[in-house]
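The values are calculated or read from the model by the stated rules, or taken from the named source; none is laboratory data. The shown structure was predicted, so the numbers you read here are calculated from the model rather than taken from an experiment. Here the Cβ positions follow ideal geometry from the backbone for every residue, glycine too, while neighbour counts run over all protein chains shown. Accessible surface areas use protein heavy atoms only, side chains included; no ligands, DNA or RNA. Shrake-Rupley method; radii C 1.70, N 1.55, O 1.52, S 1.80 Å.
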Amino acid sequence: MITEYRTFLNPKKVYLPLTDVDSKIAKVLVEKEDRVLVGQIIAYKYNGQIKTPILSTVSGTVVGFADKIDRYSKNVDHIIIENDMLNETTELKNYRKLGAKSQPRNFVHNVTTYEGIISTAQVRNKLRDLGIDKVAVDGLYTPLKFSATTKHIVINAIFTNEPFISTDYETIIHHAEAIADGICLLGIAASTESLTVIVDKFMPAEALEELGKAIVDKNIDLVTIDVKRVKAWDYKVIKKLVKKDLSFNLLDDGVVYTTINAALMTHNAIRKGLPVTSRQVAITGDGLNINAVYDVRIGTPFTDLVNDLEGYHEVENMNLHIGSFLSGIQLDSDDFSITQTIDTINVSEYREVEEDVCIKCGDCNDICPAGILPQNIMDAELRNVNLRIVDLDTHLCVECGLCTYVCPSKINVLEWVRRAKRRVG
Amino acid sequence: MKFKTKKPPIVMNSQSTFKRLYTLHFSLLFISIAAIIIKAYTIVPEGVIYNELDQSFKVFLMLITGAFVSVIIELFYSLSEGNTSKFNSYKGFVEPINTGLLIALLLPTVTPIYVLILAVVVGVYAGKIVFGGYGYYIFNPVLVGVIFANLSFSSQLVVTGTPLMMLKEALHGGTFTLTNMTELFVGNYEALAIGSTSVILLTFVFVYLCIARVIDLRISGIFLLTVLVMSFGIGYINFYVPGNFSGVFGYTLINMISGLTLFAAVFLISEPVSSPTSRETKMIYAVVVAVLMMLVRILGAETEGIVFAVLFGNMITPFINRTVKRSNSKTLLKTSISLVIIVLFLSVFFGFILQGSLSDIFASIGGALL
Ligand code: SF4
Ligand code: SF4
């Protein structure tokens with residue numbers, strides 16, 4: 001249970017991974033002992049021709065480089081910056097709304113401001129320059145990548161994790177205006193009018209009211225769903241928009257699907273010129289003494305947060321899970337640092353679940369949002385019949401994990417479907 | 001700090017296979033006890049030497065034997081496999097007892113105990129263990145046992161005077177009057193199976209199991225609905241006297257509440273392992289079973305068609321499973337519409353067959369061909 005909201009914005013050191021799952025090559029622009037500022041580009045990472053900047057999230061001195069695991073459990077090079085707590089920024093450029101007044105707080109800065117109507121290209125460039133386009137978390141969420149085929153922007157205001165952890169409504173209440181503006185800016189970037197926000201039926205009235213006030217007359221659609229019933233709502237909402245089966249990568253369907261947090265970051269980037277220096281992370285699980293939602297500086301080592309939460313419980317075996325409860329990944333060590341792509345971390349006691357035989361109840365078939373038949377796919381995979389696996393449209397699986405979630409025999413159905421997918425794909 | 005890893009998800013819902021088995025177990029015990037009590041009040045046929053209490057004891061004996069034999073076989077099998085850890089707690093006994101009880105509940109009171117034992121042995125061994133145990137069999141083991149008993153020992157299992165039999169006679173020219181409705185609902189009558197009589201209890205269990213998600217309403221519900229529609233159609237064609245619906249209603253009602261219709265809906269057809277797995281195939285399966293049952297009821301030599309019908313349904317389950325590839329709204333719509341049309345058509349068709357007019361037509365065609 002999340003009991004607190006906390007901030008952790010001043011770690012002693014930040015560890016920033018130089019590469020990630022897509023961009024495997026990095027070019028470092030700074031050297032040891034260099035002084036860097038918040039928002040300064042310290043390296044570029046490359047995915048083929050695509051170049052993504054890595055920005056410093058604190059001001060301070062580069063103290064070295066180290067091999068560490070990242071949040072995907074891969075060993076990658078990290079740059080280590082010692083925080084001087086001064087929060088000095090590089091020159092920030094922002095685009096202010098006519099007549100609006102906005103000042104980035106907490107930072108020592110010099111800002112260049114452009115006023116007036118902002119163009120699609122300006123937003124896109126800005127997001128790319130500040131490295132915000134890579135802000136996707138796991139699951140169905142997409143990066144903030146826009147192209148001519150982008151038709152819909154969908155923002156999820158509810159769950160970082162269906163349906164167990166809800167977003168912190170504090171953020172929504174305090175930043176409703178900024179979020180709404182961020183959503184509009186995303187709309188400009190995609191040059192689309194189709195903006196949809198998904199909210200929970202049982203959201204606290206205050207949050208809903210603030211959000212409602214902010215998005216009224218901005219031409220944003222509000223879709224209410226009932227998170228008490230687990231059924232891949234986001235998939236259904238998006239499917240209604242695009243009117244066809246969804247691809248594994250929503251970008252292919254012309255959909256940019258992201259969170260309230262990303263909308264807020266977009267606002268900060270465009271209006272305040274700020275790079276992503278911090279993000280909301282929910283840290284939960286019975287393995288920790290305190291559960292909290294953090295506003296945490298990117299690059300903070302997870303162990304710092306654990307200390308701040310007064311450490312682990314004395315439990316023999318624990319597991320550490322990042323991302324969606326149904327489909328995230330698990331690490332065998334806590335020696336990683338927070339990146340922009342982490343939204344939840346769960347540390348809980350390791351519980352072995354005993355698998356029973358499949359009783360062919362069909363619950364997994366019923367829940368599958370993609371409308372495929374995971375039980376039958378599992379069966380085909382067990383019997384090695386490739387033709388049938390193809391026949392059953394296995395490629396439509398979006399790896400949401402709901403089939404495993406509902407299985408009364410506790411079979412990891414998703415693993416079987418994945419295996420089948422790999423076999424034929 | 002080191003962590004153990006496993007594959008996500010890290011949360012599961014609260015449903016569990018064992019919980020479902022257990023709920024079923026509970027319902028079966030409930031029905032069994034009810035059967036024993038009801039039998040103590042059922043009037044014995046004339047000309048037999050035992051009395052009501054003897055009958056009640058017989059039922060008790062049958063149920064105990066069924067459960068016991070089933071457990072013994074599974075135990076022996078585990079021993080031969082060298083792994084009896086499953087029987088360390090009551091957990092391991094639930095599933096075998098369920099099977100044993102069901103077989104006993106599906107046989108008539110007159111069944112000699114040795115027939116019952118044989119039925120359980122065949123059902124559990126040939127129907128379940130040979131395939132690899134719970135979760136792997138193709139045919140519902142209960143029905144394998146029951147059909148074995150019915151076919152091999154038909155002379156020992158003769159029951160007369162069940163409502164369905166009277167109905168069948170009525171269809172062939174005899175007279176039929178609905179006697180005592182209350183008795184019919186409580187279950188105080190001679191039937192082909194000891195557990196199948198009390199409509200009230202079965203309805204109660206049906207609702208309970210649906211809520212507990214042990215049985216799938218899409219199978220059982222559609223099955224009942226199909227039986228309802230078809231028997232109404234057939235009744236309408238055969239028993240309709242202008243201005244008087246009582247014959248039609250009587251026919252429909254008897255078909256719905258007597259025989260094994262309800263018992264099958266609760267315990268037999270939505271047994272998950274031997275039934276299909278997706279929404280659409282479940283619907284097809286339910287309709288196939290219902291249609292076959294009605295067919296046997298009106299044309300077959302047997303009065304009760306459900307055992308054959310469900311076994312046939314089990315047999316074609318792998319096939320039906322293969323027919324549906326996606327489970328989206330389009331498939332659902334297509335399936336439902338075709339099923340509705342088929343059911344309506346068949347009820348009219350069966351109705352006319354019964355009336356004899358179609359057989360005349362067939363006869364004349366046959367004559368022309370000869
Ligand atoms: S097969 Fe399972 S993981 Fe894939 S889409 Fe369906 S429910 Fe989700
Ligand atoms: S939910 Fe589990 S037990 Fe049920 S059909 Fe799917 S895999 Fe089998």
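Assorted remarks:
- When the listed pairs A:K421/B:K128; A:K93/A:K134; A:K24/B:K6; A:K151/B:K330; A:K45/B:K6; A:K240/B:K334 are checked against a 23 Å cut-off, the alpha-carbon distance exceeds it for A:K421/B:K128; A:K24/B:K6; A:K151/B:K330; A:K45/B:K6.
- Neighbouring partner chain Cβ atoms per residue of A:369-379, average, 10 Å criterion: 4
- When the accessible areas of A alone and B alone are added and the area of the pair subtracted, with a 1.4 Å probe, the result is around 4000 Å², both sides summed.
- With every protein chain in place, the range B:211-328: carbon and sulfur % of accessible area (1.4 Å): 72 percent
- In the context of the full set of protein chains, residues of the protein assembly as shown present 43 Å² of accessible surface per residue (probe radius 1.4 Å, heavy atoms only).
- Surrounding net charge for A:I342, when Lys and Arg each add one and Asp and Glu each subtract one, Cβ distance under 11 Å: -1
- The orientation-averaged projection of the convex hull spanning the C-alpha atoms of the protein assembly as shown amounts to 42.9 square nanometres.
- Checking every one of the chymotrypsin sites (Phe, Trp or Tyr not before Pro) in the range B:73-138 against DSSP loop status and a limit of 16 other Cβ atoms within 10 Å picks out B:Y90, B:Y136.
- Separation in nanometres of the label points that stand 7 Å from Cα toward Cβ, at B:V348 and B:N13: 4.0 nm
- DSSP-defined antiparallel bridges as percent of all bridges, the protein assembly as shown, nearest 5: 60 percent
- Partnerless cysteines, meaning none of the other Cys C-beta atoms lie under 4.7 Å away, in chain A: A:C184, A:C358, A:C361, A:C368, A:C397, A:C400, A:C407
- Comparing the full protein assembly with the isolated chain (1.4 Å probe, heavy atoms, ligands and nucleic acids excluded), the residues of the range A:331-348 losing at least 40 square angstrom of accessible area are A:D332.
- In this Cβ point-charge picture (+1 for Lys and Arg, -1 for Asp and Glu), the protein assembly as shown has a dipole of about 1800 debye about its Cα centre.
- Once both labels are positioned 7 Å from their Cα atoms along Cα-to-Cβ, the gap between B:N83 and A:T7 label points is 5.8 nm.
- Positive dipole terminus of the protein assembly as shown, leading residue within A:T142, B:H25, A:I158 (C-beta point charges): A:T142
- Rounded to the nearest 0.05, the FRET efficiency derived from the C-beta distance between A:N47 and B:I337 at R0 = 51 Å is 0.55.
- For the range A:111-272, carbon and sulfur atoms together expose 53% of the accessible surface, with a 1.4 angstrom probe and every protein chain in place.
- Remark on A:N47: its backbone amide H falls under 5 Å from those of A:T52, a criterion applied only to residues 5 or more positions apart or on other chains, H modelled at 1.01 Å from N.
- For A:T224, net neighbour charge (Lys/Arg +1, Asp/Glu -1) across residues whose Cβ lies under 11 Å away: -2
- Accessible-area value, B:I353, 1.4 Å probe, nucleic acids and ligands omitted, Å²: 40 Å²
- Centre separation in Å (Cα based) which lies between the range A:187-265 and the range B:7-21: 30 Å
- Solvent-free Debye scattering, log10 I(q)/I(0), computed from the Cα coordinates of the range A:363-424 at q = 0.17, 0.27, 0.28 Å⁻¹: -0.44, -1.14, -1.22
- Global geometry of chain A, whether rounded, prolate or oblate, following the gyration tensor of its Cα atoms and the 1.5 cut on a/c: prolate
- Here the dipole of the range B:14-157 is about 400 debye; that uses its Cα centre as origin and unit charges on the Cβ of Lys and Arg (positive) and Asp and Glu (negative).
- Threshold 40 Å² - residues in the range B:263-277 whose accessible area is reduced by that much or more when the chain is no longer isolated, probe 1.4 Å: B:P272, B:T277
- Nitroxide proxy distance, nm - points 7 Å out along Cα→Cβ at A:S247 and B:S329: 2.4 nm
- For A:K243, the shell of other residues with beta-carbons less than 13 Å away shows a net charge of +4, using +1 for Lys and Arg and -1 for Asp and Glu.
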